[in-house]
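Okay, structure first, notes after.
Derivation of every value follows stated rules applied to the coordinates shown; laboratory data play no part. A quick note: this is a predicted structure, and the numbers were derived from the prediction, not measured. Note: ideal-geometry Cβ built from the backbone for every residue, glycine included; neighbour counts use all protein chains shown.
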Amino acid sequence: MKETHADYVRRFQEFIKFPTISTTNDEATDFAPFSQFHEYLEKNYPLVHSYTQKENIGNASLLFHWKSSHPTLPPVLLMGHQDVTSAGDPALWHYPPFSAEIADDCIWGRGTTDCKHIMFAELEAVEALLSEGFSPAYDIYLSYGHNEEVGADNAHKGAVLTAAELARRGVHLECLLDEGGMVTAGKEKGYDGYIANISLAEKGFNNYKLYYECSGGHSSTPGQGSALGKIARGIIGVEDNPFPYRLTPLTRKQLSAMSLYVSEPEKSIFASPEKHWNELKKLAESDKKLDAILHTTMAVTMASGSQQANVLPSQAEAVINCRLLQGDTVESVLSYIRSHIPANLTVRSMYDADPVPVPDVDENGTYGLLSSVLKDMYGKQTILVPSLMTGGTDARFYADICDNLFRFGGFLRDNRWGQAHEINEKIPCDALPSGINFFKTFLKKYNIKNQ
Ligand SMILES: [Zn+2]
């Protein structure tokens, strides 16, 4: 039976109605919406549930395994996450955040663009392929974490547990597809064709804590400056000394691909960034996205001192959230910060996550296959932009068992979409088929091309 857009919309609305909000280390998570969501999936994706092996991992993560009857090719993983961030103040939303209301041809709600739409499109694609009798020459895995949006230790993080389980079984993936880049029409930028952003890597993530301890005391006799004042000097030291800009092999490729669709003067700058280094620096200083791919960023996000107005703090601290560019490490960033703050302040690293190295862009390998799928769907002039993702995804936890980590969601996106994590998150109803078609086409083409 041919699915209509109305069926897609109706089924996707239900995804949004489960408030699957995650919390740090699952400590305060209400798991009832997750269980109800799982029951809903079981009823609405009957073929997925009868032809694949489903496993619950950790507190609420899901792993599906579609086993090939004649596996001759390495397996593929389609992934995403079930959890969403909290909706903030519901009164600020035009429509209640878990109502999945339809207005202005869009479905409104938390999770519509980050990223239940991806989980939905993948499940729809696999359900459709099963109903068509598709017989892959490779195993297909589907994996959906329950706490991508929050910090969690290795014992709780759904993606860490899932990757560890696959590693234990000796599974090695040819590629995975996770949330990240999308397809957009180039016409807004003056390009007559489509642009597909394929994030091949993400930056590392670490927090650093600056702190200062002293005896504190009564604020009526402060003496020479307070602990908080000393922390403030440290913050200024950090903010006045951003990491210098530099190019990595991936950002060089990214700029070069972008040069194909932007207009002058960016066109020349992106095509030969070294030759136009000062112009590139100038551009990046007023373009946050460009700035973020050219160096390790340091954002001072939290600070604290005393809890009371008339008490001098005996301890003051600030947290610097850093996103590490490939080439920097947890240690190198620590010593960089140390060299730019007053010597009487202490700084320490709160986690240990060096950036995952970037695999090569292999035009003859699976990246090339992705390229041909997108050119079939969107035309020969489609430009693929291999790019660096500045945010984090669950994909990085699979780096040891996967050759190609494509953070690419497959959807055609336009300016009607609402923003992830913001109020009034929404997705146009007519965007849903683009994601489903992409995953179906990719899975079919992977089967043919490699036989
Ligand atoms: Zn997400």
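Consider all pairwise Cα distances in region 270-383 and report the whole-number % of them above 19 Å. For region 270-383, the fraction of Cα-Cα distances above 19 Å is 68 percent. In the chain, the alpha-carbon atoms span a convex hull of 163 Å³ per residue. The longest part of the chain holding none of the exposed loop GluC sites (Glu not before Pro), meaning those outside H, G, I, E and B in DSSP with at most 15 other Cβ atoms within 10 Å, is 133-273.
Any idea what diffusion coefficient region 14-142 gets from Stokes-Einstein, in µm²/s, Kirkwood Rh on alpha carbon pairs, 4 °C, 1.567 mPa s? Don't skip to the end; give the middle numbers.
On the way: Rh = 16.0 Å.
Roughly 81 µm²/s, to the nearest whole number.
Loop-resident trypsin sites (Lys or Arg not before Pro) (DSSP state other than H, G, I, E or B) in region 354-400 with no more than 11 further Cβ atoms inside 10 Å of their Cβ: Lys380.
Of all the C-alpha pairs in region 321-451, what % are more than 19 Å from each other? When all Cα pairs of region 321-451 are counted, 66 percent exceed 19 Å.
The overall shape of region 104-237 is prolate: from the C-alpha gyration tensor, with semi-axes ordered a ≥ b ≥ c, the ratio a/c is 1.5 or greater and a/b exceeds b/c. What does the charge add up to near Pro242, with Lys and Arg as +1, Asp and Glu as -1, over the other residues with Cβ less than 10 Å from its Cβ? Combined, the nearby Lys, Arg, Asp and Glu give -4. Among the trypsin sites (Lys or Arg not before Pro) found in region 141-232, those both in a DSSP coil and sparsely packed, with 12 or fewer other Cβ atoms within 10 Å of their Cβ, are Arg169. Each Cα pair under 8 Å and six or more residues apart adds its sequence gap; the mean of these over the residue count of region 101-179 is a relative contact order of 23 percent.
Relative to the compact globular guide of 2.2 N^0.38 Å, what is the alpha carbon radius of gyration of region 129-188, as a ratio? Kindly include the intermediate steps, with their values, before the conclusion.
On the way: Rg = 16.1 Å, N = 60, 2.2 N^0.38 = 10.4 Å.
The value comes to 1.54.
Using all pairs of distinct alpha-carbon atoms, the Kirkwood hydrodynamic radius of region 199-305 works out to 16.9 angstrom.
To one decimal place, what orientation-averaged projected area in nm² is obtained for the convex hull of the Cα set of region 87-134?
Numbers: hull surface 16.3 nm².
Its average projected convex-hull area is 4.1 nm².
Only four residue types carry charge here, +1 at the Cβ of Lys and Arg and -1 at the Cβ of Asp and Glu. Report the dipole size of the chain about the Cα centre in Debye, rounded to the nearest 20.
Values: 41 positive and 56 negative charges, 152 e Å.
About 720 debye.
Helical content alone sets the calculated 222 nm signal of the chain at -9500 deg cm²/dmol, taking -39,500 (n - 2.57) per DSSP H segment of four or more residues and averaging over every residue.
What number comes out for the charge environment of Ile198, summing +1 per Lys or Arg and -1 per Asp or Glu over other residues with Cβ under 15 Å away?
Working: positive: Lys253, Lys375, Arg407, Arg413; negative: Asp178, Glu179, Glu202, Asp360, Asp362, Glu363, Asp403.
In short, -3.
Give me the percent of DSSP beta bridges within the chain that run antiparallel, rounded to the nearest 5. Close to 60 percent.
Around Glu124, with a cut-off of 9 angstrom between Cβ atoms, what is the net charge of the other residues, counting Lys and Arg +1 and Asp and Glu -1? Provide the component values of the computation, followed by the final result.
Working: positive: Arg11, Lys440; negative: Glu3, Glu122, Glu127.
Taking every Cβ under 9 Å from that of Glu124, the sum is -1.
For Ile57, the amide hydrogen comes within under 5 Å of the amide hydrogens of Leu62, Leu63, counting only partners 5 or more places away or on other chains and with H modelled in the peptide plane. Along the charge dipole of the chain, which of Ser268, Val150, Ile235 sits closest to the positive end, that is, farthest toward it, with unit charges on the beta carbon of Lys, Arg, Asp and Glu (+1, +1, -1, -1)? The listed residue farthest towards the positive side: Ser268.
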